[in-house]
Amino acid sequence: MLEEIFLPDITAIVSGKLREFIRNKRDIGKIVVHLAIVDYLEKMAREGKSQGIIGLDEIRLLRISCENEGIGLEYVGEIPSTCRGIMIKDENDVNKIIRLLALEWNGILITCDKIQYNIALAEGIKTIYIEDRNRDIFILEKFFDEDVMSVHLKENVLPYVKRGVPGRWRFEIIRNSPMTHEEMEDIIRNIFEVSKNSKNSFIEADRLGSTIIQLKNYRIVITRPPFSDGLEITAVRPVKKLSIYDYNIPDKLFSRLDEKAEGILVAGAPGMGKTTFVQALAEYYTGKGKVVKTIEAPRDMQLPDTITQYSKNYASSEEIHDVLLLSRPDYTVFDEMRDTKDFELFADLRLAGVGMIGVIHATTPIDAIQRFIGRVELGVIPSIIDTVIFIENGAISKVYEVSTTIKIPYGLKEEDLARPVVVVSDFLTNEPEYELYVFGERTFVVPIRRKRVKHISNKMEVLRRAIARSLKKYVVEEDIDLEMISENKVIVYIDAEYLSIIPGKSRRKLERIGRKMGIRIDIKPRFSKIA
């Protein structure tokens, strides 16, 4: 009796189901692994792809299982005659080689892929389909209680979760024994299997040492050596979904969002609820009949199907730019802007007339604006950003309005230093809080410190009397006008005809009065008074 040959494809090996099959079946003749599978997994592993690393480890474990069960294991490199000259581009090409080799050898194909199984049956190939009954069971889901924000797992470390809501959370150990390497690999394998079979899941990035997966409403980051010092899994999900009306937004800000705001920055520290707010804002605009799209990496916002979500990981900035300009959305949400290309794309789209909502990590509201300095011209910042909303502990804590004007920058005194100044004001009080301007070759961000001068009208009156006494021989008090330019500078205006007769002695006396009161006093003719 001829020994039966079993030929597993990639899905049977990487899923770990082939090893289960071996443990449960005692009448297996010989397992034949095609070298195309090994080569493909090696290529993936060298590129840092998790599938390749898991697959090679499964092949190692497969050899151990075969030795323990007394089953022959052989590697072959033969290419079926119908596949000679084929260029192997992806997993499907490798699985095709295995399928057609099973046909030529009259072997038995083992697969976990329903499509591969159906094709094999249609081609008359003997096939065993191993259904993964657990492929829809997401292992990490058991850690997510109602109030768990994120799960943090690392080999040789106690597993813990972050429990609570943005701004009010705590870390909690969930078991007293550390995670083992084998447990971590099993969870990673499960994540890939579930994401592969889930409609609303995407592998957003698979790089050397790190993988980012969006699995339904879970954002999962997997890292491994050499990028990290051990296997690590971090899974995050939104705890609460809010509407824009849950934020108790003042009417003035609501009007701003409805009528004028088109360059919006939503800033805050990590975990403070920025994305939750932006989701609510996007749904609000959609409800008002606006066309809204998003740029994300990864696509982790939970939004209605009417909002198209684009992944920055699958397209260049130029492609995203072209798509958005041609589709003409009213608003585009740019989630988690990180590098210079992100800021340049945001600025380019905004200047092209697209309403933009950018999400940015910042510890203070002004930090969000400073992130644009050096990446775009200072003078165009108010054309790119008109509203900054700072989120803290899941609530709006500060709103800034950005505008530009020509003035003497705060802290400077000479009139010939007037220049374009970007003014950042508290939106609700209209009080300016920062000024941004270029001086020399440097850009300065200057906080406006409001020194509270008690009884400023009395101080001006005292100053007026002192000046009048100094000039009483030359000018009557009624002809003296004072203009307070700042808290430490006053201009005295008198008729031009009297200016030339004021002696140096009186001018020096004015300087002494100014020094005593901490004010610089300048004398100018009345016809040059600023209107």
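All of the numbers you see were taken from the coordinates with simple rules; none came from a lab. In this text the structure is predicted, and so the values were computed from the model without any measurement. So basically every Cβ, Gly included, is an ideal-geometry build from the backbone, and we count neighbours across all protein chains shown.
Assorted remarks:
- Considering only region 5-129, percent of DSSP beta bridges that pair antiparallel, nearest 5: 0 percent
- The GluC sites (Glu not before Pro) of region 370-402 that meet both conditions, a loop assignment by DSSP and at most 13 other Cβ atoms within 10 Å of the site Cβ, are Glu377.
- Ranked list, fewest to most other Cβ atoms within 10 Å of each Cβ, for Arg237, Arg464, Arg512, Arg350: Arg512, Arg464, Arg237, Arg350
- The chain - percent relative contact order, Cα under 8 Å, separation 6 or more: 8 percent
- Calculation over all alpha carbon pairs of region 134-211 in 10 angstrom steps from 0 returns a P(r) of 16, 41, 37, 5 percent.
- Projecting the Cα atoms of Val291, Val323, Val266 onto the charge dipole of the chain (Cβ charges, centred on the Cα centre) puts Val266 farthest toward the positive pole.
- Over 20 Å [Cα-Cα, region 5-129], rounded percent: 39 percent
- Cross-link table Lys199/Lys293; Lys407/Lys524; Lys290/Lys312; Lys142/Lys216; Lys114/Lys154, entries beyond 26 Å C-alpha to C-alpha: Lys114/Lys154
- Between 0 and 90°, nearest 10: helix 274-287 axis offset from the chain longest Cα axis: 90 degrees
- For Ser243, Ser210, the sequence from fewest to most other C-beta atoms within 10 Å is Ser243, Ser210.
- Cα-based helix-to-principal-axis angle, 181-197 vs the chain, degrees rounded to 10: 90 degrees
- Projected area, mean over directions - the chain, Cα convex hull, nm²: 35.4 nm²
- Expressed to the nearest 5 percent, the antiparallel share of DSSP beta bridges inside the chain is 60 percent.
- Candidates Ser506, Thr364, Ser177 compared by Cα position along the dipole of the chain: farthest toward the positive end lies Ser506, with charges placed on Cβ.
- Order of Glu483, Glu204 - criterion: other Cβ atoms within 10 Å of each residue's Cβ, fewest first: Glu483, Glu204
- Overall size of region 244-447 from C-alpha positions, given as principal axis extents largest first: 57, 38, 29 Å.
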